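Here, each number is a calculation from the coordinates, and none is a lab measurement. All values reported here derive from a predicted model rather than from experimental measurement. In this analysis, Cβ positions are derived from the backbone assuming ideal geometry, glycine residues included, and neighbour counts consider all displayed protein chains.
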Amino acid sequence: MFDVLVIGSGASGLAAALAAERAGARVALATKGSIQACNSAKAQGGIQAAVGPDDSPEQHAQDIWTSSHETANMELVETLTSSAPSAIHWLEQLGVAFTRDADGAYRLARCGGATRKRLLQVGDRTGHAITKALRDAVEASTVARFPNAPLHELVSDGGWRARVGAHDVEAATVVLAAGGRCFREAEERGELSTNHPGATGEVTRLALDAGAEARDLDALQYHPNGGAWPANMQGYSIPETTRAYGAVLLNADGEEFTDSLGARDVVSQAIVDEVAKGKGVETPDGRPAVYLDTTRIPVADAEVSLPYMLRRYRAAGVDPLAEPILTYPVLHYQNGGLVIDTDAQTTLEGVFACGEIAGGTHGRNRMMGNSLLECVVFGRRAGRAAATAAR
Ligand SMILES: Cc1cc2nc3c(=O)[nH]c(=O)nc-3n(C[C@H](O)[C@H](O)[C@H](O)COP(=O)(O)OP(=O)(O)OC[C@H]3O[C@@H](n4cnc5c(N)ncnc54)[C@H](O)[C@@H]3O)c2cc1C
């Protein structure tokens, strides 16, 4: 019998497990594949926090409200943005070394929909750095880990009884941190996705069947810049930081047709419309695309902030600093999810949810860099609240 059972080992699940354990709870963490398998580790671009001298949590919140087209839950948004600087500090204490400029200040980029430079990065492997630090801390803790143990069944019996793989686990409270469903959704649509194969959404279904409420589940996000060519880069999410550092979208005639740093849904739609107007280009295997002119990125910025992207493309025979790359929107993120309050409590007593499985924080259109932040902020809150509720 545990106090808290966490489902999922992405950034949100790891943060929740750690926070619950540090609050004194006996914690179990069950996950579908290996502990390493998740979307969080694939995140490249960065994590938002209002730490710049011209910025504030209020401005960050306002940018989310605008980017969400006024559909986000502002209570959740204000919790997210006001907790962001302390979330960054917590990650640093766990060993995450955010990239800094020569003067020692954080290297901040402006992401789509943002009015300020607010994106902290660890090169272009930010998600990898964050999940590794969280995983190391969880592995050094008393958290009992059940890898290769997908949640099949969740039954309320005073507390909660869960069937995870071959194990029956009982816990007073449960934290659902099983991510979104874009891998499955893309397979069903016959489209490409940036997601890892575990992103299939069955935990959301179990929660709905148990009576939990959800919102905006139909609002799926396309990443404006999926790789379109070479073939082995198809479905790769070209970091939005390419555009933050100067890359622009061009049509077949070499014309800019949209604000390359607009909100994600607006930029994706502009690309789709441009192709529909006959102003796109075709990949050698006949897929639609436009150009992302990455040659405009200064070499020094690319070397510090995009080394992984450069390595991937150069290994595939294309140098993004010498020629534009081909791109088209690709299914990426589940904007909506389970309804939560500011403690990440769902509408089911004793069940908490954090990360991509939860809805409200981004409304119907997430800004880049706010998902990793949501994982850390609401993961910690979920862990602490689940530990308290278990008592
Ligand atoms: C390629 C890519 C790049 C991205 N870049 C950024 C970025 O730069 N900045 C940003 O903020 N966000 C970014 N995102 C989004 C962000 O990384 C994710 O939305 C976020 O990390 C999700 O975290 P999570 O913990 O909710 O879910 P995940 O990290 O997906 O973890 C979910 C976990 O649940 C497990 N699971 C699933 N089903 C079950 C089940 N039935 N039983 C048990 N366990 C289960 C999975 O195996 C996994 O361990 C990116 C996403 C992708 C895919």
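Could you tally the net charge around TRP229, taking each other residue with its Cβ under 9 Å from the Cβ of TRP229, Lys/Arg +1 and Asp/Glu -1?
Here the charged neighbours net out to 0.
Obtain the radius of gyration and the Kirkwood radius of the chain from its C-alpha atoms and give Rg over Rh.
On the way: Rg = 20.3 Å, Rh = 20.9 Å.
We get a ratio of 0.97 for the chain.
Which value, in debye to the nearest 20, describes the size of the charge dipole of segment 85-161 about its Cα centre when Lys and Arg Cβ atoms bear +1, Asp and Glu Cβ atoms bear -1, and nothing else is charged?
Details: 11 positive and 8 negative charges, 74 e Å.
With Lys and Arg at +1 and Asp and Glu at -1, about 360 debye.
Using θ = phi - 60° and the Karplus curve 6.51 cos²θ - 1.76 cosθ + 1.60, what whole-Hz ³J(HN,Hα) does each residue of segment 300-313 get, with Gly and Pro shown as x?
3J(HN,Hα) across segment 300-313, in whole Hz: 4, 5, 4, 5, 7, 10, 9, x, 5, 4, 4, 4, 4, 5.
Taking the Cα centre as origin and putting +1 on Lys and Arg beta-carbons and -1 on Asp and Glu beta-carbons, what dipole magnitude results for segment 223-331, to the nearest 20 debye?
That gives a dipole near 320 debye.
Name the residues whose placed amide hydrogens come within less than 5 Å of the amide hydrogen of VAL281, ignoring near sequence neighbours (fewer than 5 apart) on the same chain.
ALA289, VAL290
From the residues ALA207, TYR291, TRP160, which one has its Cα farthest along the dipole of the chain in the positive direction, the dipole being from +1 and -1 charges on Cβ of Lys/Arg and Asp/Glu about the Cα centre?
Of the options given, the answer is TRP160.
Would you order MET1, MET368, MET74 from fewest to most other beta-carbon atoms within 10 Å of each residue's own beta-carbon?
MET1, MET74, MET368
Mind listing the phi-derived Karplus ³J(HN,Hα) values for segment 47-58, rounded to whole Hz, using 6.51, -1.76 and 1.60 with θ = phi - 60°, and x for any glycine or proline?
Per-residue couplings from phi come out as 9, 7, 6, 7, 10, x, x, 9, 10, 7, x, 5 Hz.
So who's got an amide H within less than 5 Å of the one on TRP229, skipping anything under 5 residues away but keeping other chains? H placed 1.01 Å off N, in plane.
Distant-sequence amide H within range of TRP229: LEU326.
Provide the net charge surrounding GLU170, with neighbours chosen by a C-beta distance below 13 Å and charges set as Lys +1, Arg +1, Asp -1, Glu -1. Working shown, then result.
Values: positive: ARG26, ARG161, ARG163; negative: ASP3, GLU153, ASP157, ASP168.
It works out to a net charge of -1.
Using the charge dipole of segment 71-221 (Lys, Arg: +1 at Cβ; Asp, Glu: -1 at Cβ; taken about the Cα centre), state which of THR131, ALA114, VAL143 has its Cα farthest towards the positive end.
ALA114
Within 10 Å, at most 15 other Cβ atoms, and a DSSP state outside H, G, I, E, B define an exposed site. Report the longest part of the chain free of exposed GluC sites (Glu not before Pro).
71-190
Apply the a/c threshold of 1.5 to the C-alpha gyration tensor of segment 50-112 and tell me whether it is rounded, prolate or oblate.
prolate
To the nearest 20 debye, what is the magnitude of the charge dipole of segment 309-387 about its Cα centre, counting +1 on the Cβ of each Lys and Arg and -1 on the Cβ of each Asp and Glu?
In total the dipole reaches around 220 debye.
Let me check I have the definition right: for segment 223-331, take the eigenvalues of the Cα gyration tensor, multiply each by 5, take square roots. What are those semi-axes in whole Å, largest first? Kindly include the intermediate steps, with their values, before the conclusion.
Working: eigenvalues 80, 49, 29 Å².
For segment 223-331, the ellipsoid semi-axes come out as 20, 16, 12 Å.
Kindly write out, for segment 331-344 in residue order, the coupling ³J(HN,Hα) from the Karplus curve 6.51 cos²θ - 1.76 cosθ + 1.60 (θ = phi - 60°), rounded to whole Hz, with x marking Gly and Pro.
4, 9, 8, 8, 5, x, x, 5, 5, 10, 9, 6, 9, 6
If you average the alpha carbon positions of segment 20-58 and of segment 148-169, how far apart do those two centres end up, in angstrom?
Comparing the Cα centres of segment 20-58 and segment 148-169, I get a distance of 24 Å.
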